[in-house]
Amino acid sequence: MPSIVSEPKSWRNQRKELSGSLGFVPTMGNLHAGHISLCEQAKRENDFVLASIFVNPTQFNQREDFDAYARTLEADCKLLDEAGVDFVFVPDEKTMYPDKYEVQVIEGLVSGELEGEFRPGHFQGMLTIVLKLLNIAQADRAYFGEKDFQQLTLVRKMADSLFLPVEIVAGKTVRAEDGLALSSRNARLTPEQRQIAPTLARLLKSGLDDAAVMKKLEEAGFRPEYVASKWGRRLAAAWLGDVRLIDNVPLSEVKKEEAA
Ligand code: PAF
């Protein structure tokens, strides 16, 4: 089993003892194959891997969503062990926010669009916790999935702007056989919604323009929030019942011809 650390100070002491490179995978737990693939990538590219599990209150828009987020520490540690993770940082809220949320990271452009338009404050909370975690981890490389492409874009921007001494590495989106991007939220889809869900990825890859994809998503039973082409990707967020799904694909994978 990976060794569990809950205090920044004890991690710093352990970090000093490590001779070799360190990869860091921040998570909120409730792990699935997407997280595990990031851990395995980190293991291939580094001598040691540290993962963190912290359900960050400041990046949730609704308190109920934060409260309802599945906490599955025991199962998560088992998966991390199988993936070869050496250490897991599991702090509590008081440890991570000794300032009672008074110090925050604000990015003034990318964080206000797409996800930021529909989830105000989300990226401020995410960047704040990621900066804290990166400062504690003192890793050579930190791994973020392309599934949350806007998050990855913002973390890279923060690392460049603040001269953080860490390489930000992207991990490919892991998909189910039918194309649905893996997400902790998929478990909340009803069997009927789960059948419809892969339509999101299929339409993103279709040759239809963004507006036509929005329309087709509605026809399929989604409530789409946005479909947009940016940063070399086509990105979307859409609700199926009370589950909000996000996904994106490289523009190079978007077909040139109209979808069948
Ligand atoms: O992607 C996530 O799970 C979270 O946004 C992160 C990066 C762990 C920060 O809380």
Residue in the range 52-61 that is in contact with a Ser or Thr (Cβ under 7 Å, 6 or more places away or on another chain), small (Gly, Ala, Ser) and closer than 23 Å to residue 156 by Cβ present: yes
Qualifying residue in the range 86-103 (condition: among the polar types (S, T, N, Q) and under 19 Å from the mean Cα position of the chain (by Cα)): no
Residue check for residue 204: surrounded by 15 or more Cβ atoms within 10 Å (Cβ to Cβ), without any contact (Cβ under 8 Å) to a residue 24 or more places away in the chain and either in contact with a Pro (Cβ under 6 Å, 6 or more places away or on another chain) or part of a helix (DSSP H, G or I) (or both): no
Residue match in the range 216-229 (condition: assigned to a helix (DSSP H, G or I) and buried (at least 17 other Cβ atoms within 10 Å of the Cβ)): yes
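Let's see how each residue does on (1) closer than 27 Å to residue 124 by Cβ; (2) touching a Lys or Arg at 6+ places or on another chain (Cβ under 7 Å); (3) surrounded by fewer than 16 Cβ atoms within 10 Å (Cβ to Cβ); (4) acidic (Asp, Glu):
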| site | (1), (2), (3), (4) |
| --- | --- |
| 11 | yes, no, no, no |
| 38 | yes, no, no, no |
| 44 | no, no, yes, no |
| 52 | yes, no, no, no |
| 67 | yes, no, yes, yes |
| 78 | no, no, yes, no |
Residues that are surrounded by fewer than 17 Cβ atoms within 10 Å (Cβ to Cβ) and farther than 20 Å from residue 74 by Cβ, drawn from the range 13-36: 13, 14, 16, 17, 18, 19, 20, 21
Which listed residue is within 13 Å of the ligand (Cβ to nearest atom) and among the basic types (Lys, Arg), from 119, 12: 119
Options 50, 31, 79: the member that is over 26 Å from residue 161 (Cα atoms), within 16 Å of the ligand (Cβ to nearest atom), outside any loop (DSSP other than H, G, I, E, B) and in contact with a helix residue (DSSP H, G or I) (Cβ under 9 Å, 6 or more places away or on another chain): 79
Filter result (assigned to a helix (DSSP H, G or I) and surrounded by 16 or more Cβ atoms within 10 Å (Cβ to Cβ)) within the range 161-184: 184
Selection count, the range 124-160, where residues are in a loop (DSSP other than H, G, I, E, B) and either surrounded by fewer than 21 Cβ atoms within 10 Å (Cβ to Cβ) or within 13 Å of the ligand (Cβ to nearest atom) (or both): 2
Output for the range 237-257, where each listed residue is under 16 Å from residue 193 (Cβ atoms) and not aromatic (Phe, Trp, Tyr): 237, 238, 240, 241, 242, 243, 244, 245, 246, 247
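FYI, it's all coordinate maths here, none of it is from the lab. As the structure is a prediction and not an experimental result, all values here were calculated from the model. Using ideal geometry, Cβ is built from the backbone for each residue, glycine included, and neighbour counts are taken over all protein chains shown.
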